[in-house]
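The values are calculated or read from the model by the stated rules, or taken from the named source; none is laboratory data. All values reported here derive from a predicted model rather than from experimental measurement. Cβ sites come from the backbone with ideal geometry, for glycine too, and all protein chains shown count toward neighbours. Areas reflect the complete protein model, heavy atoms only, side chains present, ligands, DNA and RNA absent. Shrake-Rupley method; radii C 1.70, N 1.55, O 1.52, S 1.80 Å.
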Amino acid sequence: MNERQSALYSSFSVPRSSFILCLSVVNRLVVEKLLQDIQYGLRTLRKSPGFSVTAILSLALAIGASTTVFSIVNSVLLRPLPYREPERLVVITETVRRQQEVERRGASYPDYLDWRAQSQSFEEIATLKLASFNLSGISEPERVTGEYVTASYFKVLGVSAARGRTFLPEEDNPESPQRVAVIGHRLWQRRFGSSPHLVNQTIKLNDESYTVVGVMPESFQGTRQGAEVWVLLTNILNDPAHESLGGSSLQQRGVRGLATMARLKPNVTIQQAQQEMDAISQRLEQAYPLTNTNRGALVIPLYDDWMGDARNTLILFMAAVGCVLLIACGNVANLQLVRASNRQKEMAIRVALGASRLRLIRQMLTESVLLAFAGGALGLLLALWGIDLVVSLSPFAIPWFVSIRLDARVFAFTFALSILTGVLFGLLPALQASRLDLNQSLKEGRTSWWRTSGGFFRLRVRGLLVVLEIALAVMLLIGAGLMTKSFQQLYKINLGFNPEQLLTMKVELPSRRYDEAEIIGFINTLTERMNQLPHHLQSSIASDIPLAYEMSATTFAVEGRPAPSPADAFRTYSHHISPKYFETLGVKLARGREFQAEDNMAAQRVVIISRALAERFWPGEDPLGKQIKEGSNPDSERPWYKIIGVAADVRQRNMRETPNDDPDIYFCLLQRPVYDLGLLVRTDGDAKQMTAALSRLVQSIDSELPIYGAMTMQQRLARRTAWFRTGAWLMSVFALMALVLAMIGISGMMGYVVTLRTHEIGIRMAVGASERDILKMVLGESMLLVCVGVVLGILSAFAGTRLLSDFLYRVSATDGGVFAGITLLLAGLSLLASYFPARRAMKMNPMTALRQE
């Protein structure tokens, strides 16, 4: 540094003593005055306990609800996935164009191999299939969840084993004789006692021996909630059981259902990867027209795939609690305006003693922020309870890596929200209170409302706040009404079967110990013994359980009709059922008969179709005696099946889908046995006791078979309707809070008007106005505000409720009944809220009122 630079630096340097003096001045001017404002504000609020308690409780409800929803948003939406560089993780799904709609589907294993070989956008690509396994050979058998994966699975996610290793590329080979497995930390602790010697030891999964090569960290549970075992997908690709009992192996291009994930290369965008996958899909469509016509591939971020439903739901709830917060702010602002009008003399004295308008505004805002902080502190306590409640009712599965709690970010949100809320509801009253007519304010007695400084302005502001509160309440009430009506419509659906007293569960037979004959023997033995159980009414066995999302899709050909083009192939869902299945479910047969014990492997192959399928292919005809076969090619070597019955339509997959979307075909389980069996038992006893009895019964036949997924059909229905039930419940809670706050606002507004117009009312009564006239006057002014608010709310709801379309079922977003009902409800409650101030006005003594000038 040269001399000139040194001199220049010295000229701008501040001596230490001057710096300390500046800090002292700042401390005196800012900090001390702020402390004085806080102390004075606390004293003032203590002198008005009714006002303070009302304001704090209103704010606590609104801030508590906002904090609850934000804490979930923070944990679910604002935190990255627990993987290395999660922004590079994507999901690749196959798409199919059907009837002018594009549906997402799983991938086939051959398509996955082509994607991996031809793509250049991905660093790693992996595919997986959700699974569950019978873990046996260690005390009691247990059903554990897991995934069939390719060896690249862990590399894609960027995770390593805590003990041992993950899969090696050379192990990912259908010809590899060795079966290896990776297990989760919880399973390692629970079933193996955290044994440090488990790696390289063998365990039994589905009656087959697997060598444990690694144990994953405690923080990892795969891509499925609670996954505890990972096995190579190639172990089942050439499994003979898939050929003999499943019909098609996973190596066939037309057999789909695999999930595919990939890690983008650095600097490769989603759009670039999508363009490449589009080109690959076109090549595959040209190369394999029978299986890939109209099929494409969609690349989406893994985060969006996992959190898409949660994002839309939480955004809706955040908007709802935002409306509640605004209504609470409006109410407290109205209370502040009343309080400010009662403190005019205090403010005038302070101005007379030298206080500036800025000083008055600062004092009022300080008091408002103190109220908001108190409401925020109480709101945090309410949020602690609210988080557990909302999570327990959540309509979507909270991912395993999400821990919803009050952390530093949530506390910061509540702190910032409290400040914002305090300023929001305090600024307008502070500005109004600081506008003083000093001479008028210092006069003794109460001034008439029309001569009070800012009287008209104050009423207009309060009226505007009430109108906005009503408009917001109308929006929330209409949203809650639409979702509640949608939930009711869902429960009115004719399921096609009787869910009462129906117990369901699953059992899977190991392919290495059971062939077709042994499966049929197991089914017959189990059926015979189930019929002997106490409290047993009816029972049946099937390949899947209604509303369990476990059935598989298929196409079929009709005898005497040409094969359809791949684009026109009609999809159905196939079910394998035992005799008395329809009787157990309470499903009526429109034509024909049920399966019987005589429909075995030696008899003619028979099939039952749903009514929707019969009407689709044989309108006006009797389908009994017609023959169909699986696959769209009638010339294939697959056997023909004779139609012996037409069953009433059953909602097998989704309560929202109609049976006409994808009709059903029922094969006889005694002719087409499967390994995965669903037990359906109608009982007049306790479900838990029946479950325990069935578990003992199954293990008396095979001691290494656990039952799993035990659940009553009513519980399954509750799961399927959780989305609508929770949405309707939460929206109703928010709407109720908004309604109560809006009614308090109307009542408080009219009470304030009556107080200000006491002298006028006395004059009116003195010159002959009746009590009825006073009642009409007050109620008329109240209903004018209500009508304006309702109209604004309805107009806003027409625009806003269209965002609810994904949450509605058989209900229009502009349902006239809901809109009319909410309007009448709000009008009635508003009349009730306005009646008490109006009654006080009409019972007023004219002489007493006239003396208040």
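See the values below:
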quantity	calculated
Size of charge dipole - segment 291-364 - debye, nearest 20, with Cβ of Lys, Arg +1 and Asp, Glu -1, no other charges	800
Cross-link reach list, lysines versus K776, counting only Cα pairs under 29 Å and skipping chain neighbours closer than eight places	K843
Hits among lysines - C-alpha to C-alpha of K629 under 27 Å, sequence gap 8 or more where chains match	K580, K588, K642
Relative intensity, log₁₀ I(q)/I(0), of segment 570-663 from a Debye sum that treats every alpha carbon as a point, q = 0.17 Å⁻¹	-0.79
Per residue accessible area of segment 542-610, 1.4 Å probe, in Å²	44
Beta bridges by DSSP in segment 554-712, antiparallel share as percent, to the nearest 5	55
FRET efficiency, 1/(1 + (r/R0)^6) with R0 35 Å, evaluated for D515 and S139 via beta carbons	0.80
Helix 32-46 vs. the chain, principal-axis angle (Cα, 0 to 90°, nearest 10)	90
Rounded, prolate or oblate (a/c below 1.5 giving rounded, otherwise prolate when a/b exceeds b/c) for segment 473-627 by Cα gyration tensor	oblate
Prolate/oblate/rounded call for segment 639-748, Cα gyration tensor, a/c under 1.5 rounded	oblate
On Cα atoms only, tilt of 516-530 relative to the major axis of the chain in degrees	60
Among L353, W115, S610 the positive-end extreme of the charge dipole of the chain (Cβ point charges)	L353
Sequence-separation-based contact order of segment 622-708, relative, with Cα cut under 8 Å and 6+ spacing, percent	15
The chain, relative contact order in percent, only Cα pairs under 8 angstrom and at least six apart counted	16
Interchain or long-range residues, amide H under 5 Å from T95's placed H	R105, G296, A297, L298
Descending Cα extents along the principal axes, segment 155-306, whole Å	52, 44, 27
Cleavage-rule hits (chymotrypsin sites (Phe, Trp or Tyr not before Pro)) in segment 561-630: DSSP loop, at most 16 neighbouring Cβ within 10 angstrom	F570
Relative contact order (percent, whole number), segment 534-640, Cα cutoff 8 Å, 6+ residue spacing	36
Per residue accessible area of segment 727-839, 1.4 Å probe, in Å²	44
Cleavage-rule hits (GluC sites (Glu not before Pro)) in segment 97-162: DSSP loop, at most 10 neighbouring Cβ within 10 angstrom	none
Solvent-accessible area, 1.4 Å probe, carbon plus sulfur percent, for the chain	56
Dipole magnitude of segment 517-598, debye to nearest 20 (Cβ charges: Lys/Arg +1, Asp/Glu -1, about Cα centre)	260
Computed helical MRE - 222 nm, the chain, DSSP H runs ≥ 4 contributing -39500 (n - 2.57), nearest 500	-16500 deg cm²/dmol
Most to least accessible of R719, R105 (protein chains only, probe 1.4 Å)	R719, R105
Cα centroid of segment 62-123 to Cα centroid of segment 534-558, whole Å	30
Degrees separating the helix 109-118 axis from the principal Cα axis of the chain, which is the longest one	70
Karplus 3J(HN,Hα) series, Hz, for segment 666-677 with 6.51 cos²θ - 1.76 cosθ + 1.60 (x for Gly, Pro)	10, 9, 7, 5, 6, 9, 9, x, 10, 7, 7, 10
Cβ-placed point charges (K, R +1; D, E -1), dipole of the chain about Cα centre in debye, nearest 20	4840
